Amino acid sequence: MIIGIDPKLLSEIRGFLDADEGRCLYEIALEASRRGPCLEIGSYCGKSTVYIGSACKTNNGILFSIDHHRGSEEQQPGEAYFDPELFDPQSGRMDTFREFRKTIEKAGIEDTVVAMVCRSDVAARLWATPLSMVFIDGGHSKEATLTDYDCWSRHIIPGGYLLIHDIFKDATEGGQAPRQIYNLACSSGQFDPLPMIKTLGVLQRKR
């Protein structure tokens, strides 16, 4: 059961997260946030943030949310997922941060979510805080996903969770970079794979 999330708000937030995947994020974050802070890479307009952040709020926890808010590769002008309403003509760049801030305010999680407006590798440079859950849903290029995995998987505590979005078995359905880091995590000997929820890969760090 999802407590404290307005279904109408979820339906209005821009994003590509399936409801079943969002429910999985919520349930795992509800468990994980009892043990430490959670972190997401790639928040876009805040749909995943609402699921994870609402769970963290229940436990008086914290969600670190990392996104440069300039859009990933496929969200740029001329690309398949470009949204002209999120384009800032003054800077000539994408800007999803305005929508993100509106979302977390409407969801009542401003005191739970720590927004980090930067690249994932910059945030990780001097990071030393153990994490109970890491959700990777940033850039989908091979370089971006591998960077996110290398930078953040090492900070997950024993028994903590690694979740990776947009894993497709068939390359015609979507890019394969998230699947490659999922396979990398499985073969590392550090994580146990749990049942996938649609395109959401779920792994738990060995205790």
Quick check: Cα centre of the stretch 130-207 to Cα centre of the stretch 84-120, how many Å? 24 Å
Please give the length that would be gained between Arg101 and Ala19 if that part of the chain were fully extended, namely 0.36 nm times their separation in residues minus their C-alpha to C-alpha distance (nm, one decimal). 27.4 nm
Provide the per-residue ³J(HN,Hα) series for the stretch 149-163, in order, calculated from phi with Karplus coefficients 6.51, -1.76, 1.60 and θ = phi - 60°, each as a whole number of Hz, with x at glycine and proline positions. 5, 5, 6, 10, 4, 5, 8, 7, 6, x, x, x, 10, 10, 10
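Could you work out how much longer the chain between Asp192 and Arg70 gets when fully extended? Use 0.36 nm per residue separation minus the Cα distance between them, nm to one decimal.
Numbers: separation 122, 0.36 × 122 = 43.92 nm, distance 3.33 nm.
Working it through step by step, the gained length comes to 40.6 nm.
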Quick calc, the chain, dipole around Cα centre from Cβ unit charges on Lys, Arg (+) and Asp, Glu (-), nearest 20 debye, gives 740 debye
Apply the Karplus parameterisation 6.51 cos²θ - 1.76 cosθ + 1.60, with θ equal to phi minus 60°, to every residue of the stretch 95-110 and state each ³J(HN,Hα) to the nearest whole Hz, in sequence, with x for glycine and proline. 8, 9, 5, 4, 5, 4, 5, 4, 5, 5, 5, 5, 7, x, 10, 5
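For the stretch 39-93, what is the charge dipole size about the Cα centre, in debye to the nearest 20, if Lys and Arg each add +1 at the Cβ and Asp and Glu each add -1 at the Cβ?
Value, rounded to 20: 300 debye.
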Electrostatic dipole magnitude of the stretch 36-132 [Cβ: Lys, Arg +1; Asp, Glu -1; Cα centre; debye, to 20]: 300 debye
Is any residue of the stretch 38-65 close enough, with backbone N under 16 Å, to a label point placed 7 angstrom from the Cα of Cys118 along the Cα-Cβ axis, and if so, which? 40-42, 64-65
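Which whole-number value in Å² is the accessible area per residue of the stretch 36-170, probe 1.4 Å?
It amounts to 45 Å² per residue over the stretch 36-170.
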Starting from the Cα of Leu184, step 7 Å along the direction of its Cβ; do the same at Trp127; then give the gap between the two resulting points in nm. 1.4 nm
Taking the Cβ-Cβ separation of Glu79 and Thr58 as r and a Förster radius of 30 Å, what is the calculated FRET efficiency to the nearest 0.05? 0.25
Listed by chain and number, the lysines with an alpha carbon less than 16 angstrom from that of Lys8, same-chain partners under 8 positions apart left out, are Lys47, Lys102, Lys106
On the accessible surface of the chain, probed at 1.4 Å with all protein chains in place, carbon and sulfur together account for a percent value of 51 percent
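The values are calculated or read from the model by the stated rules, or taken from the named source; none is laboratory data. Just so we're clear, the structure is a prediction, and the values are computed from it rather than from any experiment. Positions of Cβ are generated from backbone atoms using ideal geometry, with glycine treated the same way; all protein chains shown enter the neighbour counts. Accessible surface areas use protein heavy atoms only, side chains included; no ligands, DNA or RNA. Shrake-Rupley method; radii C 1.70, N 1.55, O 1.52, S 1.80 Å.
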